[in-house]
1. List the longest stretch of the chain that has no exposed loop site; here a site is one of the trypsin sites (Lys or Arg not before Pro) assigned by DSSP to anything other than H, G, I, E or B, with at most 16 other Cβ within 10 Å.
2. Using the alpha-carbon centroid of each, what span in Å lies between region 224-279 and region 107-130?
3. Give the residue list of GluC sites (Glu not before Pro) in region 1-109 that are DSSP loop and have at most 13 other beta-carbon atoms within 10 angstrom.
4. Decide, for region 8-161, between rounded, prolate and oblate: order the square roots of the alpha carbon gyration tensor eigenvalues as a ≥ b ≥ c, take rounded if a/c falls under 1.5, and otherwise choose prolate if a/b is larger than b/c, else oblate.
5. What number, rounded to the nearest 500 deg cm²/dmol, is the helix-based mean residue ellipticity at 222 nm of the chain, given -39500 (n - 2.57) per DSSP H run of at least four residues and division by all its residues?
6. If one takes the longest principal axis of the Cα atoms in the chain, at what angle in degrees, from 0 to 90 and to the nearest 10, does the Cα axis of helix 204-213 lie?
7. Taking a quarter of the surface of the convex hull around the Cα atoms of region 195-253, what do you get in nm²?
8. Averaged per residue, what accessible area in Å² does the chain show with a 1.4 Å probe, protein chains only?
Amino acid sequence: MRATTIHSPYDIRVEHVPDASVRQPGDAVVQVLRSCVCGTDLWAYRGESARQPGQRLGHEFLGTVTDIGPEVTSLRPGDLVIAPLSWSDGSCVYCTEDLPSACPNGGIWGAAGSDGGQGEAVRVPYADSTLVQLPADAASDDRLLNALLTLADVLGTGYHAALSAGARPGASVAVVGDGAVGLCAVMAARMLGAENIVILGRHPARLELAQKFGATAAVTERGDAAVEAVRELTGGHGVHASIEAAGTAEARNTAIAATRPGGAVGWVGAPHGSPLDTAMLFIRSITLRGGIAPVRAHIPTLLPRILDGTIDPSPVFDGTVALDAIAEAYQAMNTRTALKVLITP
């Protein structure tokens, strides 16, 4: 089969690799119908996150089950399924506490030795507890398929950020980062009832989409100027909840500084840059929550809202390429000429 691999910074290739196959009794094989490039993939693309030469890429995909192991009971070949960004066994203490991202038997697609989502097929360990079945008729609805693909990561991560930050009815929220996760966090904060939602970013098209998703204001400044702008929008107090969806030291500092005393920060941007300065958290009694999102635990909440039309995150995808052209998708996202690019094998 063909799959995306990385060999060095900016060296993305589509190569023939061994076919995905059942290796353990609980495995399933999924033929990929949709995958995409994530903003976190760009850290490896730029050489800022280490990867082994030839390592697979991609942790967001949905597709059709083509084979199952003898212990798989909830799925059959032909089922349309979504895979969260990590697999999990469903039975450990963390899975039972709705934190499958901490499963000791779990892992993230594209990790060394595993299949990646940016390929033609994926071997899925613990298929019964990892995969979520989707309505079969969604396979013929491109818009719906695109919306469902966000359940693999960006929508679940945005929702996790909003929950972690304490978005709630009447709350004010600042979202630092106008990438796909930040935009989905805007949607999630609105869904959770937040009254005032400020998006911090600079890309006009993304700020326009944020408004459609529920943002009530936009701040284009950065650093201290951005914090001051947020405070002006909140009577000088800062927001009840900040969401850090960019992963940089500047974004973390901005999110913390924009939060009012007693508030909370939902931290989901993969961390890069200088270490976290905890002094402001302590002095102002600000709570920091987040981390790798337990996306599998959030799918039961979010899936029905996509299916009934309550939310439609599909507009976060603003480009589509075939698998063979995936290097173009990485380049477009790296130069910010694309927000998030779909891959169709």
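The values are calculated or read from the model by the stated rules, or taken from the named source; none is laboratory data. As the structure is a computational prediction, the values presented were derived from the model and not from experiment. Here the Cβ positions follow ideal geometry from the backbone for every residue, glycine too, while neighbour counts run over all protein chains shown. Remember, those area values only see protein heavy atoms, side chains included, never the ligands or the DNA or RNA. Shrake-Rupley method; radii C 1.70, N 1.55, O 1.52, S 1.80 Å.
1. That gives 47-201 as the longest site-free run.
2. Region 224-279 and region 107-130 have Cα centres separated by 34 Å.
3. Sites meeting the loop and neighbour criteria: GLU48, GLU71, GLU97.
4. It comes out rounded by the Cα gyration axes.
5. Counting only the DSSP helices, I get -8000 deg cm²/dmol.
6. The angle comes out near 90 degrees.
7. 4.0 nm²
8. I get 40 Å² per residue for this part.
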